[in-house]
Amino acid sequence: MKSMKSSLLFSLFLLSMSSQAQQQSAAINPNQALLDKFKQHVVTLSSEEFAGRAPMTKGDTLAFTYIVDQLKTMPNIELLGDKGLQTFSFAGLREYADDSTQMKVNGKKLRINTDYTPSTYSWSGGFNGKVEYIGEGSPANFDTLDVKGKIVMIDHIQSTPEAYQDTLRKQIRAAEKAKVAGIVIATEELPTVEAVRYLSRTLSLVYVTPKTAALLKDGANVEYFAKIFGGNKKEKYTQNVVARIKAAPQYNPNNDCIVIGAHYDHMGITTKDGVTEINYGADDNATGIATLLELARYFSSHQDLLKRDIVFVAFGAEEWGLVGSTYFAEHPLVPLKSIKAMFNFDMTGRMVKNNLNIRGVGVVTEAFSHLSTLPNPNQLNLSLIMSGLEGTDYASFNRKGVPSMSFSTGIHKDYHSPLDTEDKINYDGMQRVYNFVLPLISRAAFEHTKFTKQ
């Protein structure tokens, strides 16, 4: 799961429900079989053997194979693609087009890879104006300084490639939250080969030499634009896992469907300060996959009630920038127009104070009416996040016009670290999430309940 950009957040406590929903809101006894399945999935996916499930590693292969094997044990499941797999390229060395990339300082054109080098961690785009120098550019700098709408210049921090990427990721998140216009990175030596994935879809980053940096510090005006794209050098591949439960043709003549999704990848093995560690990814996102699998188990046993097909997608390479879900949304294994709603699960295992976050409420017209009439048997406190473009896989579907929502128990201090381990998972909280979403998804699957993208 990616960190959230600032968005309008509402806390909604569903105290006013229909009489039918109130009758259903008595506390549900724990379903031990469900809890055991949740634990089985999370223990397996976050094990040392799976080694953090980074794309194109042994752990990645073990993970998508495990998911396919689990789906095979369920009745009425149809594996789509190549025996349940949809292969895609998640990374090649990102490149920039020399003929459409330029930088000028006070109107004078600079030399690419001599005076400046585009950062391939960023997206295509650019900026124009004066630069504000903020030193090392720690996340705290972006929080405390007035940099909204400004081009900022930061110093390049010398470290190992892995540690630098982690530092830059944190800087970019803080910069996106502060809504800066662009980032110039002053460095003693321009990089030659850099990124296999982007870290920002919104910010442009560029490296400059000390000479160029000095001009910018003195108040020179900068114009910059770069066209950056995913190349095919050192290309790497991974998989989405895709399966379907078909509704009977007489109930679903148009082959409409809903999608239930969660990403299975994580950060893999990283080295920081000379220490190599596994990022286990128990909450992020073994818990989301466990939720997906148990929803698949439930609906596979209730196929006769379906009025719409259900497509289950376990996305690869989410941590590399929503690559798997973006690929599926652009190359769907079912017609895109047939997808009437998408429900995503990302980090559902660290429930605290009975809180559940629901993203995308502001872009699904009927979201408030659906959520406010759902049974809430465990009296969850629902935080409704309006944005539909936060950094998890539902955003890929919202961008394609599919009404989509994402469910999470929230980010915690162990997020994207080796401390995200199975022993900290709140399995009772996972069941509470399941209890809440099951009636919502059932409405979408068993009825022709309307969901509309605003």
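The values are calculated or read from the model by the stated rules, or taken from the named source; none is laboratory data. Everything quoted here is computed from the prediction, not taken from an experiment. Neighbour counts are summed over all protein chains in view; Cβ atoms, including those assigned to glycine, are modelled from backbone coordinates with ideal geometry.
Here are the numbers for this structure:
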quantity: Conditions (1) in contact with a His (Cβ under 6 Å, 6 or more places away or on another chain); (2) free of Cβ contacts under 8 Å to residues at least 40 places away in the same chain: number failed by GLU318; calculated: (2)
quantity: Test result for GLU189, free of Cβ contacts under 8 Å to residues at least 24 places away in the same chain, surrounded by fewer than 22 Cβ atoms within 10 Å (Cβ to Cβ) and either out of contact with any Gly (no Cβ under 6 Å at 6 or more places or on another chain) or not aromatic (Phe, Trp, Tyr) (or both); calculated: yes
quantity: Among residues of region 361-404, those that are closer than 21 Å to ARG432 by Cβ and among the β-branched types (Val, Ile, Thr), counted; calculated: 4
quantity: Residue match in region 71-91 (condition: of a type outside the set (Lys, Arg), in contact with a Pro (Cβ under 9 Å, 6 or more places away or on another chain) and closer than 24 Å to TYR280 by Cα); calculated: yes
quantity: Output for region 102-126, where each listed residue is crowded, with 16+ Cβ neighbours inside 10 Å and either touching a Cys at 6+ places or on another chain (Cβ under 8 Å) or among the small types (Gly, Ala, Ser) (or both); calculated: SER119, SER122, SER124, GLY125, GLY126
quantity: TYR327 part of a loop (DSSP other than H, G, I, E, B) and not basic (Lys, Arg); calculated: no
quantity: Test: residue in region 431-445 that is touching a helix residue (DSSP H, G or I) at 6+ places or on another chain (Cβ under 7 Å), in a loop (DSSP other than H, G, I, E, B), touching a residue at least 12 places away in the same chain (Cβ under 8 Å) and not small (Gly, Ala, Ser); calculated: no
quantity: Segments classed as helices (runs of 4 or more DSSP H), wholly inside region 1-101, with at least 2 members that are at pLDDT 95 or above and either polar (S, T, N, Q) or surrounded by 17 or more Cβ atoms within 10 Å (Cβ to Cβ) (or both); calculated: 32-45, 58-72
quantity: Index of the failed condition, ASP393 passing every other in (1) of a type in the set (Asp, Glu); (2) over 22 Å from ILE339 (Cα atoms); (3) touching a Ser or Thr at 6+ places or on another chain (Cβ under 6 Å); calculated: (2)
quantity: Where THR276 falls short, out of the listed (1) without any contact (Cβ under 8 Å) to a residue 24 or more places away in the chain; (2) over 25 Å from the mean Cα position of the chain (by Cα); calculated: (2)
quantity: Yes/no for LEU356 being closer than 21 Å to ASN285 by Cβ, among the hydrophobic types (A, V, I, L, M, F, W, C) and modelled with pLDDT under 95; calculated: no
quantity: Residue in region 424-446 that is under 23 Å from ASP256 (Cα atoms), among the aliphatic types (A, V, I, L, M) and modelled with pLDDT under 95 present; calculated: no
quantity: Pair list, Cβ < 7 Å and 6+ apart or interchain, from region 392-408 residues that are free of Cβ contacts under 8 Å to residues at least 60 places away in the same chain and in the same structural domain as GLU366 (by TED's automatic domain parsing) to residues that are assigned to a loop (DSSP other than H, G, I, E, B) and of a type outside the set (S, T, N, Q); calculated: ASN398/GLY360; ASN398/GLY388; ASN398/LEU389
quantity: Pairs with Cβ under 8 Å, 6+ apart, first in region 234-255 and over 20 Å from ALA296 (Cα atoms), second of a type in the set (Ser, Thr, Tyr); calculated: GLU235/SER89; LYS236/SER89; TYR237/THR87; TYR237/SER89; THR238/THR87; ASN254/SER338
quantity: Candidate set: region 308-324, residues that are in contact with a Gly (Cβ under 9 Å, 6 or more places away or on another chain) and assigned to a strand (DSSP E or B); chosen: the one surrounded by the fewest Cβ atoms within 10 Å (Cβ to Cβ); calculated: VAL311
quantity: Residue satisfying all of: in region 396-424; surrounded by 20 or more Cβ atoms within 10 Å (Cβ to Cβ) and either among the aliphatic types (A, V, I, L, M) or assigned to a strand (DSSP E or B) (or both); nearest to the chain's Cα centre (by Cα) among these; calculated: SER406
